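Before any comments, here is the structure.
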Amino acid sequence: MALSISAKTERQRARPATGAVGYLRRSTDRQEQSIPDQRKAIEAYATLHGLRLVHFYTDDAISGTTAVLRKAFQELIADAQKADCAFSSVVVYDIKRFGRVDNDEAGYYRHILRTHGVEVLYVTENFSGDGTDDLLRPVKQWQARGV
């Protein structure tokens, strides 16, 4: 008998991953949030919130308009799906660093992470951690596209 999505999700969330990873992305040389600046902000956020950073994934000079071409991002998604995944949180500087993708693509990747027990945390977005985040996140994602 195949596991249902909810049973599979509960099994995956039960794994004891305690680490966090940082995801860094810069799309151009002129971008104001450099890789070192993003890393410093993520490290400060992790310290403030008691997170133990175990790895950084970095896509440098890569557009955020689609996730498919971002090698480090795809590696992060693949690692999150492994049974021996060492992290339960991904810390990103802001919603733009996660990607300037459309809401469906961003939601797709957040869903993959969430169903594998991994949450996405944003240093500068001030999400509350409650249900209103599900309403605000798509709006902020849409704004990040610069439409």
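Quick look at the values:
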| item | result |
| --- | --- |
| Answer from Ser63, Ser88 - the residue that is modelled with pLDDT under 80, polar (S, T, N, Q) and not in a helix (DSSP H, G or I) | Ser63 |
| Failed condition for Gly129, given (1) assigned to a loop (DSSP other than H, G, I, E, B); (2) modelled with pLDDT of 90 or more | (2) |
| Members of segment 66-78 found to be part of a helix (DSSP H, G or I) and touching a strand residue (DSSP E or B) at 6+ places or on another chain (Cβ under 8 Å), listed by number | Lys71, Ala72, Phe73, Glu75, Leu76 |
| Matching entry among Ala86, Ala78, Ala67 (being small (Gly, Ala, Ser) and within 15 Å of Arg25 (Cβ to Cβ)) | Ala67 |
| Contacts under 6 angstrom Cβ, first residue in segment 76-94 being more than 13 Å from His55 (Cβ to Cβ), partner assigned to a strand (DSSP E or B) and modelled with pLDDT of 95 or more, 6 or more apart | Val92/Tyr23 |
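The values are calculated or read from the model by the stated rules, or taken from the named source; none is laboratory data. Here the structure is a predicted model, which is why all the values come from computation and not from measurement. We place every Cβ from the backbone using ideal geometry, glycine too, and count neighbours over all the protein chains shown.
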